[in-house]
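Asks: Dropping a structure here in C-alpha cells format, bear with me for questions.
The values are calculated or read from the model by the stated rules, or taken from the named source; none is laboratory data. This one's a predicted model, so the numbers in the text were calculated from it and none came from an experiment. Counting neighbours? That spans all protein chains shown, and the Cβs are built from the backbone with ideal geometry, glycine included.
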Amino acid sequence: MRRGGFRGCAIRELFFRSERVGGLGGGEDFLGDFAGLCGVEIHGDLASAAFDEKADHAPVGWTDLQVGFEIAFVVDTHGQGISVERMEMTRVALRSAVPEDAGWIVERHAALYAQEACFDDSFRAVVRGVLDRFFAGASGRGWIAEQDGAPAGCIFCMMEEPGWARLRLFLLEPEARGTGMGRRLLETCMAFARENGAGAMRLSTHESHEAACALYAKVGWIRVASRPVQSYGCDLVEQDWEILFAP
C-alpha cells in the first residue's frame with residue numbers, strides 16, 4: 001500500500017470547495033464525492049467504518065465534512081479500489097499571537113529564509129522590527145498555528161490607513177506545507193480584516209515564494225507591481241499584491 005499524495009490534495013480541495021459553496025454532502029457522501037473526483041471506488045464497508053470511528057472521536061462541534069477531511073486514504077496497488085486507513089491525525093489549532101511568541105517567530109523566519117532563499121541576517125532585524133511595532137500597540141491581530149501543541153505557522157494582519165490592512169509575517173514550517181494550514185491562516189487573516197472595516201488588503205513578497213504566490217492568486221489576490229531589488233544580500237524580484245473585498 002502507498003499513500004496517495006494526489007488523493008490527499010483531492011480531500012483538501014473537496015473540503016474547501018464544500019465550505020465555500022456548500023455543494024457537497026457530508027459524512028459518507030463526502031467519501032463518495034472524493035471517489036468521484038479521483039475516478040476510483042471506495043469499498044463501502046471500509047468507508048462507513050472509518051467514518052463512524054473518526055466521528056466518535058472528533059472534537060465537539062466538528063461537522064461531517066471536517067470528519068471526512070480527517071480520514072486518510074491509501075491506494076490499493078492490487079487494483080481493488082481504495083481502502084481507508086484509520087489513523088490518529090494531528091490536530092491543528094489557531095490562537096492569538098502573544099509577545100512570548102516573538103522569539104520563535106524571529107528565529108524561524110531567520111532560519112527558514114536563510115536556508116530556502118539565502119537571506120542574510122539583516123532579515124532577522126526586519127522581522128523583529130515588525131513584531132516590536134505590533135506588540136507596542138499597532139492595530140491588528142496575529143495568529144499562531146499549533147500542530148500537536150507546537151508552533152507550526154504564523155500570520156499577522158496590521159491595519160493601516162482607513163479601509164486598508166496589510167498581511168505580514170506569513171510563515172509555515174516545512175512539515176505543515178501542503179496540509180491546508182496555510183490557507184486556513186490566510187483566510188482567517190482576511191476575515192479579520194473584513195470584520196474590522198478593511199475594504200482591501202495588501203502585502204509585499206518576492207517572486208521566489210512560488211507556493212505562497214499561488215495561494216494568494218487562488219483566493220483572489222492580484223499582483224499589482226513587480227520590481228527587481230537587492231535585499232537581504234540577494235538579488236530579488238519584489239512583488240506587491242492586493243485584494244479588494246466585495247461590499
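Asks: Applying the selection to region 73-107, what residues are on the phi < 0 side of the Ramachandran plot, small (Gly, Ala, Ser) and modelled with pLDDT under 95? Talk me through it step by step, then tell me what you get.
Replies: Within region 73-107, the subset on the phi < 0 side of the Ramachandran plot is 73-78, 80, 82-107.
Of the ones still in play, those that are also small (Gly, Ala, Ser) are 83, 93, 96-97, 102-103.
83, 93, listed by residue number.
Asks: Considering only residues that are closer than 24 Å to residue 181 by Cα and in a loop (DSSP other than H, G, I, E, B), which ones fall in region 207-245?
Replies: 207, 208, 209, 219, 220, 221, 245
Asks: Moving on. What's the total number of residues in region 91-106 that are loosely packed, with under 15 Cβ neighbours inside 10 Å, over 14 Å from residue 146 (Cα atoms) and touching a residue at least 12 places away in the same chain (Cβ under 8 Å)?
Replies: Summing the residues that are loosely packed, with under 15 Cβ neighbours inside 10 Å, over 14 Å from residue 146 (Cα atoms) and touching a residue at least 12 places away in the same chain (Cβ under 8 Å) in region 91-106 gives 1.
Asks: Within region 209-219, which residues are under 20 Å from residue 117 (Cα atoms), surrounded by fewer than 14 Cβ atoms within 10 Å (Cβ to Cβ) and not acidic (Asp, Glu)?
Replies: Within region 209-219, 211, 214 meet the criteria.
Asks: Listed residues 125, 110, 114; which is in contact with a Lys or Arg (Cβ under 7 Å, 6 or more places away or on another chain), farther than 21 Å from residue 186 by Cβ, outside any loop (DSSP other than H, G, I, E, B) and at pLDDT 95 or above?
Replies: 110
Asks: Residues of region 220-247 being of a type in the set (A, V, I, L, M, F, W, C), loosely packed, with under 14 Cβ neighbours inside 10 Å and either touching a Ser or Thr at 6+ places or on another chain (Cβ under 6 Å) or over 16 Å from residue 166 (Cβ atoms) (or both), which ones?
Replies: Those that are of a type in the set (A, V, I, L, M, F, W, C), loosely packed, with under 14 Cβ neighbours inside 10 Å and either touching a Ser or Thr at 6+ places or on another chain (Cβ under 6 Å) or over 16 Å from residue 166 (Cβ atoms) (or both): 229, 237, 246.
Asks: Count, please, the residues in region 161-183 that happen to be over 19 Å from residue 112 (Cα atoms) and either of a type in the set (Phe, Trp, Tyr) or free of Cβ contacts under 8 Å to residues at least 12 places away in the same chain (or both).
Replies: 2
Asks: Further question: So, residue 186, is that one surrounded by 17 or more Cβ atoms within 10 Å (Cβ to Cβ) and either in a helix (DSSP H, G or I) or of a type in the set (Asp, Glu) (or both) or not?
Replies: The answer is yes for residue 186.
Asks: Moving on to the next point. Select from region 192-206 the residues that are within 16 Å of residue 169 (Cα to Cα), part of a strand (DSSP E or B) and of a type in the set (A, V, I, L, M) and list them in ascending order.
Replies: The answer is 201, 203.
Asks: For residue 120, all conditions in the list (1) over 30 Å from residue 195 (Cα atoms); (2) part of a helix (DSSP H, G or I) hold save one; what is the number of the exception?
Replies: (2)
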